[in-house]
């Protein structure tokens, strides 16, 4: 049994014209709640994306941008705080049965190279799930509420500036000054 994604917007790629097609999608309130649960976020208030789908080298290329109003939990204070997120969306797809180019085993992997195209299972592309995946990958894994550069973990109070740090060689410097 295949689970239906929380935010699904299917596009039949066979209907994409040669000049491409622009799509604007927006998550409903219930989709935002389900995505927030999946991504372990306190809340997703809004999620919207503008995408261009174009034929590309025998397949399709999706580019665009997503915008999201979310809440994240601060790793320093454990308080929720609002975040406005903008992220580029970019992915390529090949039709069913077409294999991407294979890199020889002995060549090193280039970490800056573009990702290999995804292979579609049918002729439907789920741009909603693409946006959800891009959002998940764009989240700060260690979110810090603005203005909380340091937290006193004994009191739980957030301080605006870093406390003075002890210099690692201060003890040696003090010994040097003694007669």
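Can you spot a residue in the stretch 124-143 that is modelled with pLDDT under 90 and surrounded by 13 or more Cβ atoms within 10 Å (Cβ to Cβ)? No, the conditions are met nowhere in the stretch 124-143. Residues in the stretch 33-43 that are touching a residue at least 40 places away in the same chain (Cβ under 8 Å) and touching a strand residue (DSSP E or B) at 6+ places or on another chain (Cβ under 7 Å) were compared, and the one that is farthest from residue 145 (Cα to Cα) is 35. If you scan the stretch 144-179, which residues turn out to be surrounded by 10 or more Cβ atoms within 10 Å (Cβ to Cβ), at pLDDT below 75 and touching a strand residue (DSSP E or B) at 6+ places or on another chain (Cβ under 6 Å)? Matches in the stretch 144-179: 150, 151, 158, 159. Farther than 21 Å from residue 146 by Cα, under 18 Å from the mean Cα position of the chain (by Cα), assigned to a strand (DSSP E or B) and modelled with pLDDT of 95 or more - does that describe any residue in the stretch 65-78? Within the stretch 65-78, one or more residues are farther than 21 Å from residue 146 by Cα, under 18 Å from the mean Cα position of the chain (by Cα), assigned to a strand (DSSP E or B) and modelled with pLDDT of 95 or more.
Residue 3 passes every criterion in (1) without any contact (Cβ under 8 Å) to a residue 24 or more places away in the chain; (2) exposed (fewer than 13 other Cβ atoms within 10 Å of the Cβ); (3) part of a strand (DSSP E or B) apart from (3).
The values are calculated or read from the model by the stated rules, or taken from the named source; none is laboratory data. As the structure is a computational prediction, the values presented were derived from the model and not from experiment. Glycine gets a Cβ as well: all are built from the backbone with ideal geometry, and neighbour counts include every protein chain shown.
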